[in-house]
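Participant: Pasting a structure below so you can have a look.
Nothing in this text is a laboratory measurement; each read-out follows from the coordinates by a stated rule. Predicted, not measured: the structure shown is a model, and the values here were computed from it. In this analysis, Cβ positions are derived from the backbone assuming ideal geometry, glycine residues included, and neighbour counts consider all displayed protein chains.
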Amino acid sequence: MKKIGWSFLFLGCFFGKLPAQVFNTMGTARILPNDCIELTPDERYMEGLAYHTTKLNLAGYFEIEFDIYLGDKDEGADGITFVIHNDPRGFEAFGTWGECMGYGRWSRNYLAGNYIAPSIAVEFDTYQNYRQNDPACDHVAYLEGGTNFHTTYWNNGQESFNLEDNYLHSFRFRWEPDKKRITVFWMENLSIRANATLSMMFFRAKPK
Ligand SMILES: [Ca+2]
Ligand SMILES: [Ca+2]
């Protein structure tokens, strides 16, 4: 499959002020003056990451909310990932570009190259890649351990589901520590409910 697009394109718009020092950025990511972060420009083979510098306490309940914009080109690629990790590289951690969306690695069984782990992630995928078991439609999926390979996905029940519809989309991520349960809302629709199964190492991580 020929790559036709760029690594990922994302504008996360936050309510309230977005001071630049709250985020560590890498690659092409940049803080915009309108409380948004542009992860990549509309160009091919770009990769950008932005990390919030406040560490999460996984012993407590939390929700994280922001808006996502994936452009207006249905043929675009590849999408973005929302990642929570305890990778020893900290704010320097990054994954592979292209179909790995700055998070994962080329093959789930090949532990080489760049990937973020231990970690959990949600992908907003706009391009079908057979190696990652993607469906033909755009989709939202839950990921773990630095691989984009997934066996389930959410497309709002629409085979024509399209994330690049030129709209801002609300995203809400809920963490319930007692159940180790992740819940994801896309435009207030329940899109993912998953139990984090991977890496007790990750969940043993001491919050700071
Ligand atoms: Ca699309
Ligand atoms: Ca994909």
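Participant: Which of (1) of a type in the set (D, E); (2) within 16 Å of ligand 2 (Cβ to nearest atom); (3) closer than 20 Å to I182 by Cβ is the odd one out, the single condition E47 does not satisfy?
Facilitator: Of (1) of a type in the set (D, E); (2) within 16 Å of ligand 2 (Cβ to nearest atom); (3) closer than 20 Å to I182 by Cβ, only one is false for E47: (3).
Participant: Let me ask you something else. Can you pull out every residue in segment 37-74 that is touching a strand residue (DSSP E or B) at 6+ places or on another chain (Cβ under 7 Å), surrounded by fewer than 12 Cβ atoms within 10 Å (Cβ to Cβ) and part of a loop (DSSP other than H, G, I, E, B)?
Facilitator: T53, Y61
Participant: Further question on the same structure: So, in segment 87-133, how many residues would count as being part of a loop (DSSP other than H, G, I, E, B), within 16 Å of ligand 2 (Cβ to nearest atom) and more than 20 Å from I182 (Cβ to Cβ)?
Facilitator: 9
Participant: Among the numbered conditions (1) touching a Ser or Thr at 6+ places or on another chain (Cβ under 9 Å); (2) away from ligand 2 (no atom under 13 Å from the Cβ); (3) farther than 22 Å from P177 by Cβ; (4) assigned to a loop (DSSP other than H, G, I, E, B), tell me where A77 comes up short.
Facilitator: So the condition that A77 fails would be (2).
Participant: Consider Y142 against the criteria (1) closer than 13 Å to T81 by Cα; (2) touching a helix residue (DSSP H, G or I) at 6+ places or on another chain (Cβ under 8 Å): it satisfies all of them except one. Which criterion is unmet?
Facilitator: (2)
Per-residue answers, yes or no, for (1) touching an Asp or Glu at 6+ places or on another chain (Cβ under 9 Å); (2) among the β-branched types (V, I, T); (3) within 16 Å of ligand 1 (Cβ to nearest atom):
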{"site": "F62", "(1), (2), (3)": "no, no, no"}
{"site": "G76", "(1), (2), (3)": "yes, no, yes"}
{"site": "V83", "(1), (2), (3)": "no, yes, no"}
{"site": "D87", "(1), (2), (3)": "no, no, no"}
{"site": "A93", "(1), (2), (3)": "yes, no, no"}
{"site": "G102", "(1), (2), (3)": "yes, no, no"}
{"site": "W106", "(1), (2), (3)": "yes, no, no"}
{"site": "N109", "(1), (2), (3)": "no, no, no"}
